[in-house]
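One structure below.
The values are calculated or read from the model by the stated rules, or taken from the named source; none is laboratory data. Every value quoted in this text rests on a predicted model; they were computed, and no experiment measured them. All Cβ positions, glycine included, derive from the backbone under ideal geometry; neighbour counts span all protein chains shown. For accessibility, only protein heavy atoms count, side chains too; no ligands or nucleic acids. Shrake-Rupley method; radii C 1.70, N 1.55, O 1.52, S 1.80 Å.
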Amino acid sequence: MKKKFLLVVSAFTMAIGLAACSSSDETKTTEKKEVTKEAEAPKVDVKKELVRFYMDLGKRINAKDGDLNAYLAKAAKAAAPDAKPEDAPTAEEKAKASEAAAAVAADLNSVQVPDSLKDQKADLEAAVKDYAASYQAKADELKKDAPSLDAADATFAQGEEKLKTVFESAKLMAPSLDKQVN
């Protein structure tokens, strides 16, 4: 009878040991799966996303500001000392430039910063807001008889500074949207 009792106790002990080992293996497998899922989560390349955002911004502006750029080029030529009266932009060109600037402002006001740039979102939105305000100021000034774009240019420069700060914080060279769109 003692032998049977020892055999039962021994089998019971072995069953408990196997159950404990099995539970430990499941815990390790679960932990490994969690670590793997975390590792699989794509890491955002902030530098690439910033450059993509910047390039998209430039494309959006360039798609709508052709008449504005043509007007500004013609106005600069007309301001030269050796300019002829026919070098001056026409009222129609000025009106088209105003419409183009307003279209750019409206488009910039609809820009959404991607979720991948959530840490830079507030700064990027502030820069885009300045750009939009600059274009709206140009649109408004071009409706006047003697437009002055100095205030609009100053607002654009504020946007450039904000964009520069975002890029430099990501260890990127600061871009110049002004050079890309003019």
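Points worth noting:
- Condition broken by SER148, with the remaining ones in (1) small (Gly, Ala, Ser); (2) part of a helix (DSSP H, G or I); (3) more than 21 Å from the chain's Cα centre (by Cα) satisfied: (2)
- Scanning the stretch 162-177 for residues that are under 14 Å from ASP130 (Cβ atoms), open to solvent by 20 Å² or more (accessible area, probe 1.4 Å) and touching a residue at least 24 places away in the same chain (Cβ under 8 Å) returns LYS162, THR165.
- Test: residue in the stretch 3-11 that is modelled with pLDDT of 60 or more, out of contact with any Gly (no Cβ under 8 Å at 6 or more places or on another chain) and open to solvent by 60 Å² or more (accessible area, probe 1.4 Å): no
- Set LEU18, LEU68, LEU50: member being on the phi < 0 side of the Ramachandran plot and at pLDDT below 65: LEU18
- Residue list for the stretch 81-128, filter: outside any helix (DSSP H, G or I) and in contact with a helix residue (DSSP H, G or I) (Cβ under 8 Å, 6 or more places away or on another chain): ALA83, ALA88, PRO89, VAL111, VAL113, PRO114, ASP119, GLN120
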